Amino acid sequence: MSHTVSDSAMAVQIEGLAKNFGSVRALRGLDLSVPTGQVTGFLGPNGSGKTTTLRILLGLLRSDGGRVSLLGGDPWTDAVALHRRVAYVPGDVTLWPNLTGGEAIDILVRLSGSLDPKRKAVMLDRFDLDPTKKARAYSKGNRQKVALVAALASDAELLLLDEPTSGLDPLMEAAFTESIREVKAAGKSVLLSSHIFAEVERLADRVTIIRDGETVESGTIAELRHLTRTQVTTVIDAGAADLASLPGVHDFVVIDGRASFAVDDGAMPAVLAAVAALNPRSLVANPPSLEALFLRHYGSELAALAGGDHK
Amino acid sequence: MTALLPATAVDAPVGTGRQFDALAGVGTMVRLIVRRNRVRLAVWVVVLVGMFSYIASYYQTLFPTQQSLDDFAAVSNTPGIKALTGLSAAADTLGGAVWTKGWMTIAVSLAIGAAFLVTRAGRADEEAGRTELLRSRMLGLHSYATASWIVNGLLCLVVGAGIALASLASGLDPRGTGITGSLIFGASVAGVGLVGLGVGAVAGQVASTSRGANALASAVIVGFYVLRMVADLGNGALSWVSPIGWGQQMEPYAGNRWWPLALLVALTVALLAVAGLIETRRDHGSGLLAERPGPADAPRRLASPAGLGLRLQRGPMIGWTIAIVVSAMLFGSIVETMNTFLTDAGGPMTTLTRGVGINALLALLAGMIGLIAAVFATQSAVSLRTDEASGIVEAQLAGALSRTRWALERLLLPAIGSAVVLGLGGGLLGAVYGSTTGDPSQAVTMAGAAVAYWPAVMILVGIAVALLGWFPSVAIPVTWGALAAMWFATMLGEVFGLPTWLLDALPFSAVPYMPLEAMSWGPVAILTAVAGGLIWTGIFRFTRRDIRPG
């Protein structure tokens, strides 16, 4: 049973969340916070517990331990009242096969509050969705658009989005980006679960990375970048090998006079000074991407997969 | 897409061409269907053949002498027996007694089973998108359907053969008639089963959802049953309108006719040909009716669970209402025929006073309407779990809607709906019967007799809700199993030696048998309380557990 943590600055506050399905421990001490008015990215591979966390936040599942607060309330006991202020887009959208998309949107919006036909029309137009088609005739992307339009047309303070763009084409992803920026500008909060790094990097203020039901990394994008290494490639005529022994330099290789290495962010000034002293002909430094962060946490699994060891 | 490909890529010869036969891959599909349904197929064979064997051996010990068989034949010659199961043309033989008890149940069960198994491998897989994956491989257009017809056709043949063998083993053929009766019995069951297969095949092509296909197939088979019921109570001419009637006309152990089997097989072949033709003409994933654009907006009432449920279930609800109205009017119109029959006929009927005989028949027909209403209510009540399993309830519960309100509103549909169809069915039955005797008050009497079954119907709704709460993963099959078990216990309970107190306590037996019996509030109050308790415990648990899709 979860206990309520009250913090008005936080739209979502989760500490030490646990959930078991029989003998399977789906969540084992997950921490996550979504500050009010910000977009929080929620990254993790398939099966890491993202959807389970969202379903606990919606009161569909009951937690087995830890503290969960949703908009200052308990997501299990206060579900109905809280859901007036929350909109949800599931990762796999199931609709009523013999109702149209437009009907489904109206039903979903009205379940949480009142319907503003103007906003519905704007969103339908933005996502280029035909509301008169029966849901069973929709593709996965179009079913997802139905859920997105319903969420964006409602007046929710908090959007819970579970891989909302996994079926959308690039044009629609642009529409999605625009919409999320509007939501944020209106002071609303967003929890965006995803495994698309670029999307989270583009939209999120903060990121939480989970693995096997545990939080492994959490912070603002800037903070997380600080934890990683910048990739440097430079062309130096002579003496490049000396760089390899500098503190904070890793994975040093030279191919055709082109030296590549990773540098701890803290060691960057000293390394750059050393490079400058060697009269480099060119220098390229790439900031760490979220993808690199992600790979750092899942690198062992990826290596295991490459070795043919499938779980 | 095609426009981007050079024409030669489309027209290029691939392989021998034979691989693109409409029947390529049938063998693989047969193995797939057997693998997916091995338990179901085995259960159907064991239950149906076992039921036959059990009735045969029980009746052997129950009726050791010809005198006891003659007595039983006399007792069986009632409108009730004729209406429910039909009466064997050789009712005074052991085989005839077994036929009267078991043939109708076994044959109709096999027909419905074959129809459901065909839609399961056909429309249900197509709806789920599995067939698309299969068809992307080297699989002919008709291969999957044909494989399913082969497997289910074999099921019918195996059940028929098993019954013929069991009949031979029990020596049911009357002395001096050889083994023809046993073979005819098995063949008539298999033949009716095959027609069910054909009906399922066509229903799966016409309807665009598996639920719709099953509903359509059941409605057609129930229609066949009602037609033959009217025929068996009337002059018999209608018997030739119903394939189930053809099966009856094969008259095992009596007339021993083979030729109606040719009608059954011919109808099956015709139905399969129609199904194949539709499959050739239509697009994958679609039904016969093209998808039309619908409204872009929903009225406010759809946001309430009851309003949405009503909208989503309106097709089945209209279907069930029509079924009840048609059945009730047919029932009502035959009662007067029976009246004449009862006056004219001699034999055991004279021992019953005319009034009691008619009232017994009316009470039986009211019970039949109660049973149809129970199927409707069960279908509506299990949809709560269906919605949870498909994941669709999450979208609603993510809104400002409590689980209790969602469940209670949805339960208004079976609760109010069954009360309405009971009153409507009973009232129409009484009105049609009353119009033939100039007694309009029959409408009210019979409406009351049918509505008295409402608490019994709600027990099934209660079972569905209790299972939804406590055992969601098995809730749907067990709820339907409970309905089937009640039906079988009522029909065959005494054969299986179930104690009388248990049979009397079954919801449908506990209801006062009006108009034969007087209204009694005790059982009705108890049934209502039990139904309420079941619903309460189900919702109690449902609001406290995880939502579990799949």
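The table below gives the values:
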{"quantity": "Enumeration of residues in segment B:224-277 that are of a type in the set (Gly, Ala, Ser), under 17 Å from B:GLY193 (Cβ atoms) and surrounded by 16 or more Cβ atoms within 10 Å (Cβ to Cβ)", "calculated": "B:SER242, B:GLY245, B:GLY247, B:ALA275"}
{"quantity": "Qualifying residue in segment B:513-525 (condition: of a type in the set (Ser, Thr, Tyr), away from chain A (no Cβ under 14 Å) and in a helix (DSSP H, G or I))", "calculated": "no"}
{"quantity": "Test: residue in segment A:147-157 that is among the hydrophobic types (A, V, I, L, M, F, W, C), in a helix (DSSP H, G or I) and surrounded by fewer than 21 Cβ atoms within 10 Å (Cβ to Cβ)", "calculated": "no"}
{"quantity": "Check on B:PHE508, out of contact with any strand residue (DSSP E or B) (no Cβ under 7 Å at 6 or more places or on another chain), crowded, with 18+ Cβ neighbours inside 10 Å, of a type in the set (Phe, Trp, Tyr) and away from chain A (no Cβ under 14 Å)", "calculated": "yes"}
{"quantity": "Test: residue in segment A:132-142 that is in contact with a helix residue (DSSP H, G or I) (Cβ under 7 Å, 6 or more places away or on another chain), at the interface with chain B (Cβ under 8 Å from one of its Cβ atoms) and part of a loop (DSSP other than H, G, I, E, B)", "calculated": "yes"}
{"quantity": "Selection from segment A:48-60 of residues that are in contact (Cβ under 8 Å) with a residue 12 or more places away in the chain and either under 13 Å from A:LEU17 (Cβ atoms) or more than 10 Å from chain B (Cβ to nearest Cβ) (or both)", "calculated": "A:SER48, A:GLY49, A:LYS50, A:THR51, A:THR52, A:THR53, A:LEU54, A:ILE56, A:LEU57"}
{"quantity": "Residue within segment B:389-399 that is among the charged types (D, E, K, R), assigned by TED's automatic domain parsing to the domain that holds B:GLU517, over 24 Å from B:TRP320 (Cα atoms) and in a loop (DSSP other than H, G, I, E, B) present", "calculated": "no"}
{"quantity": "Test: residue in segment A:15-27 that is within 23 Å of B:ILE392 (Cα to Cα), free of Cβ contacts under 8 Å to residues at least 12 places away in the same chain and either within 14 Å of chain B (Cβ to nearest Cβ) or basic (Lys, Arg) (or both)", "calculated": "yes"}
{"quantity": "Selection within segment B:367-386 - of a type outside the set (S, T, N, Q) and within 13 Å of B:VAL457 (Cα to Cα)", "calculated": "B:GLY367, B:MET368, B:ILE369, B:GLY370, B:LEU371, B:ILE372, B:ALA373, B:ALA374, B:VAL375, B:PHE376, B:ALA377, B:ALA381"}
{"quantity": "Test: residue in segment A:78-88 that is over 19 Å from A:ASP155 (Cα atoms) and either modelled with pLDDT under 90 or not acidic (Asp, Glu) (or both)", "calculated": "no"}
{"quantity": "Residue in segment A:61-71 that is over 16 Å from A:ALA147 (Cα atoms), buried (at least 23 other Cβ atoms within 10 Å of the Cβ) and facing chain B (nearest Cβ under 8 Å) present", "calculated": "yes"}
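Yes/no per residue for (1) within 14 Å of chain A (Cβ to nearest Cβ); (2) in contact with a strand residue (DSSP E or B) (Cβ under 9 Å, 6 or more places away or on another chain); (3) in contact (Cβ under 8 Å) with a residue 24 or more places away in the chain:
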residue	(1), (2), (3)
B:GLU251	no, no, yes
B:ALA254	no, no, yes
B:ARG257	no, no, yes
B:THR268	no, no, yes
B:ALA273	no, no, no
B:ILE278	no, no, yes
B:SER286	yes, no, yes
B:PRO295	yes, yes, no
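Conditions (1) assigned by TED's automatic domain parsing to the domain that holds B:ALA275; (2) among the hydroxyl-bearing types (Ser, Thr, Tyr); (3) surrounded by fewer than 18 Cβ atoms within 10 Å (Cβ to Cβ), marked per residue:
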| position | (1), (2), (3) |
| --- | --- |
| B:THR119 | yes, yes, no |
| B:SER136 | yes, yes, yes |
| B:HIS142 | yes, no, no |
| B:VAL151 | yes, no, no |
| B:LEU155 | yes, no, no |
| B:SER170 | yes, yes, no |
| B:PRO174 | yes, no, yes |
| B:ILE179 | yes, no, yes |
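The values are calculated or read from the model by the stated rules, or taken from the named source; none is laboratory data. Keep in mind that this is a model prediction, so the values were computed, not measured. No Cβ is skipped: glycine too gets one built from the backbone with ideal geometry, and neighbour counts run over all protein chains shown.
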